[in-house]
Amino acid sequence: MKTLPIVLHNKKILLIGAGKVALQKAKVLHNNNIDFEVIAQDVTTNIEEFTSKLKYKTFQSSDLKDYEIVIDATGNEDVTSLLLELKKQRNILLNVVDVPELCDFYFASLVQYGPLKIAVSSGGASPTITQVVRDKIKSMLPRELEQLTEEKLQLRKQNIIEPQKTKQETQQLLGKVYLVGCGTGDVELLTLKAYRIIQSVDVVFIDHLIADEILEIIPKETKRVFVGKQKGFHSVKQEEINELLLEHAKQGLSIARLKSGDPYIFGRGSEEAISMVENGIKVEVIPGISSAIAAPLLSGIAPTARGYATNLSIVSAHLAGNRVNLEWIPLLKYPNHTVVVLMGVSRAKEIKECAIKIGTDITKPVAVISNASRTNQSVNTGTLENLEELCTNAKRPALIVFGDVVNLHSVLPKFGE
């Protein structure tokens, strides 16, 4: 079966029937500004709202006149037989609704953005399939396409045609970056949305902290861009990552930037998001489970357990330029307070010295948690006094927990138990 989408222009169209099926066709014609006339003996719908050209009568041969396109929505075999006979004598295109083998053309499901129209057809095989596919396309395309198409229409009327510029503008509208929080590494701790995005995008950007089991769910045909020190690739500067994201997004591609933990918790997700927004690229942030929350939980440590802590602080010991951050150290002296330190293992000596200098109790409980939620997760507990020893052999990624809640480690259930 060979079919071809066509544009109707100044064609005389006759719709026969005024029931529910005919109403659907009338709406499609009306919504696309296509003029048509209706002949119907019985009107059981509000079809007159979509055309002023309605004749209340039984269809007869003489009614065909000079119509070029006829839509039979009567479901009446006698009307269909008459039209098939007339078709032998007249040069008309006939559509018998729901009888694809008798149709010269089919109604496609339309996605419309102003002058831009996208038609989906199954050749009459299944209108339901075309509707589902149409709705999927509609959910994927930005509404801004309508405005861009309108602008290009006005320029064309002025004989201004810029194909290369238009291509770039359209691709930029279609490109999108997802900042996907991948949590601590356990693929089952991904959100459903994160999983769906990873499975559906054109490109994924991967850094060195993304777990192998998450990499395994990336489809084989998806392009991978490594921006970390994993698998022999050198570390890429943040500015270069931003440029690479822009380069791919401007090609109209969908991109998942995989971020360990949560994109906005002591990561550089916000910098990437700002860069995309400033360059007119759509960006969406998918939350992930930060290790600051998950690691203690998976280690039998409840950061705000009643009777142990009434406050929780999450801090980083690392600043840009490989500088140490110790401004949070006074928090260690607060009673009933839990402090979770990210990127602090390599700064154990400075943390200990600063904490003791301001009078922090050297017996303050400490836990160092490595590879939370992964098969090689490990937890070492002790006190501030032996912090350096605890951190020396800790596998990365790792974090430090300070507070009385560390004592719960021996009581509460842990990952893998």
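Numbers below:
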{"item": "Candidates L298, L319, L332: whichever shows maximal mean-square fluctuation once the chain is modelled as a Gaussian network with Cα springs under 10 Å", "result": "L319"}
{"item": "L82 versus D212: modelled label distance in nm, points set 7 Å from Cα along the beta carbon direction", "result": "7.5 nm"}
{"item": "Length gained when the stretch N322-N31 is fully extended (0.36 nm per residue, less Cα-Cα span)", "result": "98.7 nm"}
{"item": "Percent carbon-and-sulfur accessible area, region 15-148, ignoring ligands, DNA and RNA, probe 1.4 Å", "result": "49 percent"}
{"item": "Degrees, to the nearest 10: 238-249 long Cα axis against longest axis of the chain", "result": "10 degrees"}
{"item": "Under 15 Å from K152, Cα to Cα: aspartates and glutamates that are on another chain or at least 8 residues apart", "result": "E144, E162, E169"}
{"item": "Rounded tilt (10° steps) of 269-278 against the dominant C-alpha axis of the chain", "result": "40 degrees"}
{"item": "Gained length - R196 relative to V277, 0.36 nm times residue gap less alpha-carbon distance", "result": "26.9 nm"}
{"item": "Sequence-distant lysines (8 or more away, or on other chains) whose Cα lies within less than 23 Å of K364", "result": "K333, K349, K352, K395, K414"}
{"item": "Nearest-0.05 FRET efficiency for K220 and Q168, computed from C-beta distance (R0 30 Å)", "result": "0.50"}
{"item": "Relative contact order of the chain, pairs being alpha-carbon contacts under 8 Å that are 6 or more residues apart, as %", "result": "11 percent"}
{"item": "Accessible-area value, I281, 1.4 Å probe, nucleic acids and ligands omitted, Å²", "result": "10 Å²"}
{"item": "Segment A302-V411, extension gain: residue separation times 0.36 nm, minus the distance between their alpha carbons", "result": "38.2 nm"}
{"item": "Cα gyration tensor shape for region 281-401, rounded if a/c is under 1.5, else prolate or oblate", "result": "rounded"}
{"item": "DSSP-assigned coil residues among GluC sites (Glu not before Pro) in region 302-388, each with at most 15 further Cβ atoms within 10 Å", "result": "E327"}
{"item": "Members of K165/K220; K136/K176; K27/K53 lying beyond 25 Å, as alpha-carbon distances in this model show", "result": "K165/K220"}
{"item": "Structure-based [θ]222 nm, the chain - -39500 (n - 2.57) summed over DSSP H runs of at least 4, per residue, nearest 500", "result": "-9000 deg cm²/dmol"}
{"item": "Cα→Cβ-extended label distance, 7 Å offset, between S270 and Q131, nm", "result": "4.6 nm"}
{"item": "Rounded accessible area per residue of the chain, 1.4 Å, Å²", "result": "55 Å²"}
{"item": "Inter-label distance for E388 and L110, nm, one decimal - labels placed 7 Å from Cα along Cα-to-Cβ", "result": "7.6 nm"}
{"item": "Among L86, L312, L326: highest mean-square fluctuation, GNM of the chain, C-alpha pairs under 10 Å", "result": "L86"}
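The values are calculated or read from the model by the stated rules, or taken from the named source; none is laboratory data. As the structure is a computational prediction, the values presented were derived from the model and not from experiment. So basically every Cβ, Gly included, is an ideal-geometry build from the backbone, and we count neighbours across all protein chains shown. The area values use the complete protein model at the heavy-atom level, side chains included, leaving out ligands, DNA and RNA. Shrake-Rupley method; radii C 1.70, N 1.55, O 1.52, S 1.80 Å.
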